[in-house]
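The values are calculated or read from the model by the stated rules, or taken from the named source; none is laboratory data. Remember, it's a predicted structure, so these values are computed and weren't measured experimentally. Because the Cβ atoms are built from the backbone with ideal geometry, glycine has one as well, and the counts that use them run over all protein chains shown.
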Amino acid sequence: MLLLGTALLTACGSNHENLGNSGNGKGNSDNGITADEELVITASNYSFDQQEYHLKKGVPVKIIFKNESGNHGILAPGLELHLDGKKSSQVIVPEEAGTFEISCSIMCGSGHSGMQANFIVD
């Protein structure tokens, strides 16, 4: 039990700040898509810097993920987006208007389940 607690504290306590890594997957810069806009999402222990991030339908945007404190990731399955310390940016093209959930993809401790936000695609 002590090891589990130590592992959780270590996960949230480490600071990974990687910018400029291109992603791999659908709709990213590796496929030759050039972003018209950039959006930086910053995570700290148990929260993202905003509750809502607005994107424009059909407009390529480079999502850049930055850890301010702790060890976190972004998972937005509806937009095929997964970023973390190993892959910190990706170009996506939102094809549908709507609201898409964002959650932390790395178990980061007691506040992990509340670490959520939304992409709003207009």
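Things to note:
- Whichever residue in segment 31-90 is aromatic (F, W, Y) and assigned to a strand (DSSP E or B) and, among such residues, is farthest from N118 (Cα to Cα): F65
- Of all the numbered requirements in (1) modelled with pLDDT under 50; (2) surrounded by fewer than 16 Cβ atoms within 10 Å (Cβ to Cβ); (3) among the hydrophobic types (A, V, I, L, M, F, W, C); (4) out of contact with any Phe, Trp or Tyr (no Cβ under 9 Å at 6 or more places or on another chain), A11 misses one, and that requirement is (2).
- Qualifying residue in segment 98-106 (condition: in a strand (DSSP E or B), within 9 Å of the chain's Cα centre (by Cα) and either acidic (D, E) or crowded, with 20+ Cβ neighbours inside 10 Å (or both)): yes
- When residues of segment 92-112 are limited to those that are out of contact with any strand residue (DSSP E or B) (no Cβ under 6 Å at 6 or more places or on another chain) and under 20 Å from E68 (Cβ atoms), the one modelled with the highest pLDDT: C104
- Just one of (1) part of a loop (DSSP other than H, G, I, E, B); (2) at pLDDT below 95 fails for L3. It is (1).
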